[in-house]
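Every read-out reported here was derived from the displayed coordinates using simple, explicitly stated rules and does not represent laboratory data. What you see is a predicted model; the values in this text were computed from it and never measured. Every residue, glycine as well, gets a Cβ built from its backbone with ideal geometry; the counts of neighbours run over all protein chains shown.
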Amino acid sequence: MTQEGYNPRILGFFCHWCCYAAADSAGVSRYQYPPNVRVIRVMCTGRIDVRFILEAFKCGADGVFTGG
Amino acid sequence: MAEAARQALEDIGVDPERMELEWASAAEGPRFVELITRCVNSIKEKGPLGTESNEAEEDVKRKLEAAVEAASASKVRTSFGMLAKKFHKDGDYSPEAIKEAVAAKFTPAFRKERIAQEIKLLLKKGPMSITKLAKIVGSTKAELEKIVAPLIKKGILKEEKKGLALA
C-alpha cells in the first residue's frame, strides 16, 4: 500500500572504500537515484553495531541501508 | 551483526526487512543506483515505521528506546561476542548456522534485557500490574515474573498493592 507523496527517510551506512566510492562514481557519472538516503560514511561496515541500527530507527528512520 | 539486528527488530515488532545489508564495490556505480532505488521503493511500499505493527507512535518509540538500551547492556554484548568466538571455532559461517546461533544465544538475552528496560520505562508513569505489563510488552506473566524477580532483589523495582513500581 503506497501512500501518496510519502517520502521515506532512510539512513545509509556506507563503507568508505566500496559503497561510498560507488555512490561517488554514480554521482560523477550523472546517474539519477532517489534522494531519500541520508549517508553516514564509515571506514568499514565491520564497525557497525546492532545499536546503530536500532538507534537509527529510534531517531525516526523508516529504513536502514548498510552498504559494504 | 545483521542477523542479530534483524532478530532484535523482529522482537520489538519492526519489520526486519526495513534493514538491508548489500555490497557494492567502488567500480559498481550502476549497481549501487539499482540497490538504492530498490531499497527506497521497498520502504515506500511498507510505509512509515510503525505501519506494520498497528501500534501507536509512542509505543513504537518506547520499544525502540528499550531496544537501544538492551543492545548496550553488557550481558547482551557479551553474548554477541561469544557468538563470534563460536563461529570462529566451528568455522561454519553459513546463513542457516548464523541464524540458528543468533536465535539460540543472542536473541533470548536481548529479549530479556529489552523487556526489563521497557518495564522500567512503563513504570515511570506509575505502578502497574504484572498482567497489564505483560500484555503491553508482548510477553506472558510467567516470563515477566522470571525477568522481574532479580530486579526486585536488586532493589530496582518493588512490589506494591497496585502491582509493580520503580523503587
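Remarks
- Bins of 5 Å from zero: percent of alpha-carbon pairs in segment B:88-167: 3, 14, 23, 20, 11, 7, 8, 7, 5, 2, 0
- Label-point gap, in nm, between B:Lys75 and B:Asn41 - each point 7 angstrom along Cα→Cβ: 4.5 nm
- Length gained on full extension, B:Ala103 to B:Met82: 6.2 nm, using 0.36 nm per residue less the C-alpha separation.
- Taking the inverse of the mean 1/r over every pair of distinct Cα atoms in chain A gives a Kirkwood hydrodynamic radius of 12.9 Å.
- Structure-based [θ]222 nm, chain A - -39500 (n - 2.57) summed over DSSP H runs of at least 4, per residue, nearest 500: -8000 deg cm²/dmol
- Separation of segment A:1-62 from segment B:56-98 is 22 Å, based on Cα centroids.
- In nm, spacing of pseudo-spin labels at A:Tyr6 and B:Lys120 (7 Å Cα→C-beta vector): 3.4 nm
- Across the protein assembly as shown, Cα-Cα pairs farther apart than 21 Å form 61% of the total.
- Förster-model FRET efficiency, 30 Å R0, B:Ser129 and B:Glu52, C-beta, rounded to 0.05: 0.60
- Spacing of the modelled spin labels on A:Tyr31 and B:Glu17, each 7 Å from Cα toward Cβ, amounts to 2.3 nm.
- Computed over the alpha carbons of segment B:12-110, Rg followed by Dmax gives 17.0, 44 Å.
- Cross-link pairs beyond the 19 Å C-alpha cut-off, checked among B:Lys75/B:Lys135; B:Lys61/B:Lys124; B:Lys120/B:Lys153: B:Lys75/B:Lys135
- For chain B, the relative contact order works out to 20 percent when only alpha carbon pairs closer than 8 Å and six or more residues apart are counted.
- Low-density loop positions, chymotrypsin sites (Phe, Trp or Tyr not before Pro), chain A - DSSP coil, at most 16 other Cβ in 10 Å: A:Tyr6, A:Trp17, A:Tyr31
- Ranked list, fewest to most other Cβ atoms within 10 Å of each Cβ, for A:Cys18, A:Cys44: A:Cys44, A:Cys18
- Cβ-Cβ FRET estimate between B:Leu166 and B:Glu34, R0 fixed at 45 Å, reported to 0.05: 0.35
- Chain B - Debye-derived log10 I(q)/I(0), Cα point model, q = 0.17, 0.18 Å⁻¹: -1.09, -1.17
- Inter-chain Cβ neighbour average for residues A:41-53, partner chain, 10 Å: 5
- The longest stretch of chain B left intact once loop-based trypsin sites (Lys or Arg not before Pro) with at most 15 other Cβ atoms within 10 Å are removed from consideration, loops following DSSP, is B:1-123.
- Calculated Rg and Dmax of segment B:19-75 using C-alpha coordinates, Å: 16.1, 43
- Over segment B:126-167, the alpha carbon radius of gyration divided by the compact-protein estimate 2.2 N^0.38 Å works out to 1.05.
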